[in-house]
Amino acid sequence: MPIQVLMPALSPTMEKGNLAKWLKKEGETIKSGDVIAEIETDKATMEVEATDEGTLGKILIPEGTADVAVNTPIATILADGENAADLAKATAPAKQEKAAEYAPPAETRAEAPASKSGGGKEKKAPAAPQIVAEPDPEVPEGTEMVTMTIREALRDAMAEEMRRDADVFIMGEEVAEYQGAYKVTQGLLQEFGARRVIDTPITEHGFAGVGIGAAMAGLKPIVEFMTFNFAMQAMDQIINSAAKTLYMSGGQMGCSIVFRGPNGAAARVAAQHSQDYSAWYSQIPGLKVIAPFSAADYKGLLKAAIRDPNPVIFLENEVLYGHTGPVPKLDDYVIPIGKARVVRSGGHVTIVSWSNGMTYALKAAEELAKEGIEAELIDLRTLRPLDTDTVVASVKKTGRAVTVEEGWQQNGVGAEIAARIMEHAFDYLDAPVLRVSGKDVPMPYAANLEKLALPSAAEVVEAAKAVCYR
Amino acid sequence: MAVAKKSDVKEKGQDRGNGAPPEFTKEQELVALRAMLLIRRFEEKAGQLYGMGAIGGFCHLYIGQEAVVVGMQMALKMGDQVITGYRDHGHMLGTEMDPKGVLAELTGRHGGYSKGKGGSMHMFSKEKNFFGGHGIVGAQVPLGTGLAFANSYRGNDFVSLTYFGDGAANQGQVYESFNMAELWKLPVIYVIENNRYAMGTSVSRSSAQTDFSKRGISFNIPGEQVDGMDIRAVKAAGDKAIAWCRAGKGPYILEMQTYRYRGHSMSDPAKYRTREEVDKVRHDQDPIEQVRNRLLAAKMDEQELKAIDAEVRQIVNAAADFAQHDAEPDPSELYTDVYR
Ligand SMILES: Cc1ncc(C[n+]2csc(CCOP(=O)(O)OP(=O)(O)O)c2C)c(N)n1
Ligand SMILES: [Mg+2]
């Protein structure tokens, strides 16, 4: 029976793409493995390879067609001995009902390389939930805002600092020629050259140490980990060499270095590639730890991190890279490290989170408002030093608190916040602090289990209601 | 690709001289063909299912590298262990793990080898002595060395086949392992699958010493470069290395010169190499075509070859059917297997 070739997806979240080119003509013989067509999305081009043998019976979607939905039949392959008359009998390979609809924002898959297109051709990713409350004190009134993705905000921050200070350089796996495994370093090689944008071998322990040594000698490295999961290979250098040297040398010698990259869970990459290191690093004296949520904070805080004379762990989030947000158009937008931000005011319950945890917290706050509970929402932005004052001030007002994190509960950041609230605002508390977190298991691969393992807005709503005795 | 064939193993007196590997018997050719075809068709199906959204996350295909695993499998014996990285589907099929269980793991179903909890990169089979399936580049190298340590400790003559890539070969733990393995004369074969690229980085852009067979020199570990596209060369080199290990002489390094046809993982537009480069390898060196052509030259009936292909396709289709219709793991599985 003739077989239909379906429009393939480049990533689990791709819904449509363009059929750029047919490389085989109708009537041509096809062997399994032959490239028959090229498809493209705004992020990448990919070749469609035949998995069946025969002749290309009919092209159903002509080249140049835009926005072809995934799984649309694009051609029919005739098996040996079949001819055009058989075309009508074509069957598609059994279609897949999506196992579960865990749908993180459409995102460049990890390990997905950069397309050659410039930043301007960036994916129109869903905007992060709009933050309304509390104007940012850092931004003068009337400042023009530019909408950009978090990916672009990070790139701009690095480029600006590299223009400003010749000692700043970046190194890591695939940061230069490939333009970054997640496209964050796009264009940096072209602007700054191979001396300052350096592809390393896959040797995290080694290049982290090389970066730290270079920093001890006075340079200002930005070390990109393809993801923070791989920084575990470099843990000793980060903790023992970077964090402790200033102290051990009696203040003579430290290192100004930024370790950055995506942290936390991506989609369906399982236990070894989905872990939140917020708690790990924020336990270490000598390190500063930053984990922003909004595009503006990503930019302003990365610039601050690069300038900081200490080792800074800058935790990004893959799921957020494509999110857009307003970023102030200022020559030098630097946000002080160590200051939380109240992103929504409310008098009934304080919700504290950071990074992608804010996604759940914001959704929950909206839900709660519908039920008459006004949540005050705090984005910590920096995890070390932790802005205890802002949290405590809010709890003194609301008397209730819920923390939200993707990481595990035991010895987590939420546990630390709860302890500080107890120490500084015990008499103001009307209920025990509750923690919403990732479940106490390694991240499973299966779609349904992964969804269960992550925190959810519903869990935040439930916890907030519980502390409000509702 | 400069290929040195240094293997001097003689099998049934068929050494053809010039260092060329011994010919396979017809039976061996057929075993090789079928096993490699199974991997190829399986991987094509996996790619297709990924394109349809049935497989999530990362999915690293082994297409092009089939001769490495199959050749080594033909050289080892029951009880030898196998361990590798995340490009692991071929190794699992090679160790005769059930294609249904492997594919169902890729789709995250209950019937997968890890009950859907591990996915493409993390799969294991105690029964088949397959120790994973590891997502962290290089991590399997000390582990594989530890498998060999266990063999040595128990005094058996089993060998650990520890596979890793050209990129992984730059991780520090590889050299820590080399040192211990030689120091303690551990029976481990380090099979370096040099497919010329680590993601988008070619070997010459990442490696000071691009002859990976020499990476053990400072530890006194012997090594050789092998034409990893010619399954006979792989098998011959495997025989030699395994004999070395079983005789208690310590570790051995085999650099398999091979090539991956597909992208690093699924959405790799491959701007770091040309289509001509890929096509040339595929056309001139394809490991499966080499066997097929030899069989045809030896007057094997083309229909018989087609029958093998049909049988393999049927196995793969049955696996795909299972993998798509098997149930997802029960929600209660979220909390199982954390401890025992
Ligand atoms: C410690 C670590 N660093 C980085 C990665 C991301 N990564 C996954 S595969 C890969 C390339 C490895 O290339 P190679 O060892 O040549 O194996 P191949 O993919 O070619 O089979 C990289 C950088 C990882 N998984 N683990
Ligand atoms: Mg490689």
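The values are calculated or read from the model by the stated rules, or taken from the named source; none is laboratory data. From a predicted model like this one, the values you see are computed outputs, not experimental measurements. Virtual Cβ from ideal backbone geometry, glycine too; neighbours counted across all protein chains shown. Ligands, DNA and RNA are excluded from the accessible area calculation, which covers all protein heavy atoms including side chains. Shrake-Rupley method; radii C 1.70, N 1.55, O 1.52, S 1.80 Å.
Data for the structure
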| read-out | value |
| --- | --- |
| Area accessible to solvent at B:Tyr335, 1.4 Å probe radius, in Å² | 130 |
| Cα Rg, Dmax, chain B, angstrom units | 19.4, 61 |
| Dipole of the protein assembly as shown, positive direction: furthest Cα of B:Asn317, B:Gly108, A:Asn240, with charges on the beta-carbon | A:Asn240 |
| In the B-A interface, the accessible area buried, summed over both sides, Å² (probe 1.4 Å) | 5300 |
| Chain-alone versus full-assembly comparison, the range B:77-119, residues with accessible loss of at least 30 Å² (1.4 Å probe) | B:Arg109, B:Lys117 |
| Largest to smallest accessible area among A:Met46, B:Met97 [probe 1.4 Å] | A:Met46, B:Met97 |
| Within chain A, helix-based [θ] at 222 nm, where runs of 4 or more DSSP H residues each add -39,500 (n - 2.57), nearest 500 | -7000 deg cm²/dmol |
| Heavy-atom accessible area ranking, 1.4 Å probe, most first, across A:Trp280, B:Trp184, A:Trp22, B:Trp244 | B:Trp184, A:Trp280, B:Trp244, A:Trp22 |
| Solvent-accessible area of A:Thr147 with every protein chain in place, 1.4 Å probe, in Å² to the nearest 10 | 100 |
| Total charge dipole magnitude, chain B, about the Cα centre, Cβ charges on Lys, Arg, Asp, Glu only, Debye to nearest 20 | 540 |
| Filter on A:Lys183/A:Lys329; A:Lys25/B:Lys306; A:Lys21/B:Lys235; A:Lys16/B:Lys271; A:Lys24/B:Lys26; A:Lys31/A:Lys183 - keep pairs with C-alpha separation over 31 Å | A:Lys21/B:Lys235; A:Lys24/B:Lys26; A:Lys31/A:Lys183 |
| Alpha carbon convex hull of chain A, projected area averaged over orientations, nm² | 24.9 |
| Folded to 0 to 90 degrees: helix A:388-398 orientation relative to chain A principal axis, Cα | 90 |
| Sequence-distant aspartates and glutamates (8 or more away, or on other chains) whose Cα lies within less than 14 Å of B:Lys280 | A:Asp34, B:Glu289 |
| Among B:Gly146, A:Thr185, A:Gln283 the positive-end extreme of the charge dipole of the protein assembly as shown (Cβ point charges) | B:Gly146 |
| Cut-off of 10 Å, at most 15 other beta carbons, DSSP loop: longest stretch of chain A lacking such GluC sites (Glu not before Pro) | A:145-370 |
| Probe 1.4 Å - accessible area at A:Asp427, Å² to nearest ten | 140 |
| For the range B:27-72, residues shielded by at least 20 square angstrom of accessible area compared with the chain on its own, probe 1.4 Å | B:Glu44, B:Gln48, B:Tyr50, B:Gly51, B:Met52, B:Gly53, B:Ala54, B:Gly56, B:Gly57, B:Phe58 |
| Diffusion constant of the protein assembly as shown at 20 °C, which comes from Stokes-Einstein with the Kirkwood Cα-pair radius and 1.002 mPa s, µm²/s | 76 |
| Amide hydrogen neighbours beyond the local backbone of A:Lys220, cut-off 5 Å, H modeled | A:Val168, A:Phe169 |
| Cβ charges +1 (Lys, Arg) and -1 (Asp, Glu), total dipole of the protein assembly as shown, debye | 1100 |
| Lysine pairs meeting the criterion (Cα under 28 Å, 8 or more apart or interchain), as found in the range A:339-467 | 19 |
| Carbon + sulfur, % of accessible area of the protein assembly as shown - ligands and nucleic acids excluded, 1.4 Å | 53 |
| Alpha-carbon spread of the range A:145-328, three principal axes, descending order, Å | 45, 38, 31 |
| Net charge of Cβ neighbours under 9 Å - reference B:Pro251; Lys, Arg +1; Asp, Glu -1 | +1 |
| Dipole magnitude of chain A about its Cα centre (Cβ charges: Lys, Arg +1; Asp, Glu -1), debye to nearest 20 | 600 |
| Kirkwood-based Rg to Rh ratio, the range A:339-467, C-alpha trace | 0.96 |
| GNM result for chain B, Cα springs below 10 Å: residue of B:Ile315, B:Ile63, B:Ile83 fluctuating most strongly | B:Ile315 |
| Degrees separating the helix A:204-216 axis from the principal Cα axis of chain A, which is the longest one | 40 |
| Between helix A:150-164 and chain A: long-axis angle, C-alpha atoms, 0 to 90°, nearest 10 | 60 |
| A:Phe426, B:Phe322, A:Phe314, reordered so the largest accessible area comes first (probe 1.4 Å) | A:Phe426, B:Phe322, A:Phe314 |
